[in-house]
Amino acid sequence: MTEITRRVLITGAASGIGAATARRLADPGTALLLHTRGNADRLEAVAAELRDRGSAVETMLGDLADAELPGRLVRQAAETFGGLDALIANAGWARNVPLLESTMEHLEAPVDAIARGFALMAQAAAPHLKTSACGRVVAVSAFGPHVYRPGVMTFPGTAAAKAALETHVRSLAFELAADGVTVNAVVPGFIQKDPGTSRAVTVDKTVQVTAQIPMGRLGSPDEVAAVIVFLMSREAGYVTGQCIHVNGGLV
């Protein structure tokens, strides 16, 4: 039986960037706790694929806006696998609702799930990460807090939550630096969605916005996952507190 050398919690792992990251990490020495809010069938399909590659895989469902869930996820990973070496906070969604039309739910829900959920997971995970030989945290942000120009839609509620997430990343990086734990954010631009998943941007709008991207195309989930996996490596041990954009030149 292969010894488990890396134990990883990934939120939002049923599709897209989260699933692509899990696929890159999967091997007999890596144990994975995969989370999604509600798409159990898709999450189990990803888990089965990774088990076939030799990984130990567990799954959990739940809404990170539930203040109890972040701690439960960390506890489940640590108890099942005997610790936790890395947290990948990928869960989130995009809502293209103008700020002046946003309801209280539009404003509060993204912050609760994305920013507060990350902070609570980090608090629960910190004791485990500090004792890991290679403690890593990577949060997945978005271009929303950074890009405001004609031809590129805005996501006010989500952007505010992601901006708070990036601030939490920097704070956590500062607080955990002395323990050798690195904390970074990856900031994707417009990324392709998996077939059958919800789409916040219509096909027509996708064509329009692609023209605004200097590289002239959408990114792939695997291109973002590649950066996440680098940040989790030992080679990235001196990279912390950073927000690294993966966006084809969208500035």
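The values are calculated or read from the model by the stated rules, or taken from the named source; none is laboratory data. Note that the structure is a prediction, hence the values are computed from the model and not measured. Cβ: placed from backbone, ideal geometry, glycine included. Neighbour counts: every protein chain shown.
Details
- VAL57 vs. criteria closer than 28 Å to LEU176 by Cα and of a type in the set (Val, Ile, Thr): yes
- Pairs linking a residue in segment 1-25 that is touching a residue at least 12 places away in the same chain (Cβ under 8 Å) to a residue that is of a type in the set (Asp, Glu) and part of a loop (DSSP other than H, G, I, E, B), with Cβ atoms under 6 Å and 6 or more positions apart or on different chains, are ARG6/ASP85; ARG7/ASP85; SER15/ASP194; GLY16/ASP194.
- Complete set of residues in segment 160-175 that are touching a residue at least 60 places away in the same chain (Cβ under 8 Å) and not acidic (Asp, Glu): ALA161, LYS162, LEU165, VAL169, ARG170, ALA173, PHE174
- Boolean, VAL207 is β-branched (Val, Ile, Thr), under 30 Å from ASP85 (Cα atoms) and either part of a helix (DSSP H, G or I) or modelled with pLDDT of 95 or more (or both): no
- Residue in segment 98-109 that is touching a Ser or Thr at 6+ places or on another chain (Cβ under 8 Å) and crowded, with 16+ Cβ neighbours inside 10 Å present: no
- Restricting ALA94, ALA20 to those that are within 22 Å of PHE190 (Cβ to Cβ), of a type outside the set (Lys, Arg), in a loop (DSSP other than H, G, I, E, B) and under 17 Å from the mean Cα position of the chain (by Cα) reduces the list to ALA94.
- Residues of segment 116-142 that are among the hydrophobic types (A, V, I, L, M, F, W, C) and surrounded by fewer than 23 Cβ atoms within 10 Å (Cβ to Cβ): ALA119, LEU120, ALA124, ALA126, ALA133, CYS134.
- Taking segment 40-85 as the range and being outside any helix (DSSP H, G or I), farther than 21 Å from LEU25 by Cα and either touching a residue at least 24 places away in the same chain (Cβ under 8 Å) or touching a Ser or Thr at 6+ places or on another chain (Cβ under 6 Å) (or both) as the test, the residues that pass are GLY62, ASP63, LEU64, ALA65, ALA67.
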